[in-house]
């Protein structure tokens with residue numbers, strides 16, 4: 001019982017300190033972003049690990065090039081957890097502006113983010129842009145239409161995927 005109370009008190013303290021920590025990281029982010037070195041990969045990675053999604057979005061404005069695929073995947077997974085569609089769209093926009101085409105994992109994660117955040121139109125747009133769709137790409141899109149969209153679209157996609165992942 002005593003240990004459960006300690007655990008609960010620790011959890012409450014962490015929940016109260018996390019916004020303060022993120023605020024400090026935001027201030028640090030602004031300081032680093034205005035430095036000659038701009039935002040470094042290490043800085044963005046640190047913000048990702050701390051779960052400070054808003055601060056990472058802010059820091060993205062100061063990056064000089066595309067980030068590594070695993071960072072985009074991590075950011076998009078955070079958007080999925082938080083159902084943060086606006087932030088996910090900003091990350092997607094950054095990927096496009098930087099010319100990042102990505103691997104199938106980052107493309108599928110982007111697709112999944114749009115589906116889980118409830119934007120089937122954007123999800124379909126991403127799906128249509130994936131040149132080398134895999135089983136995951138097809139499954140995510142078919143399941144999305146099966147749950148949230150027109151059932152006819154799910155059946156049509158299933159029919160196309162069953163014939164060997166044909167093009168639409």
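Read-outs: derived from the displayed coordinates by stated rules, not from any lab. The model shown is predicted, which means the values in this text are computed figures rather than measured ones. Glycine gets a Cβ as well: all are built from the backbone with ideal geometry, and neighbour counts include every protein chain shown.
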note = Rounded to one decimal in nm, the spacing of the 7 Å Cα→Cβ label points at residue 134 and residue 41 is 2.2
Distance between modelled label sites at residue 70 and residue 125, nm, 7 Å Cα→Cβ extension = 3.0
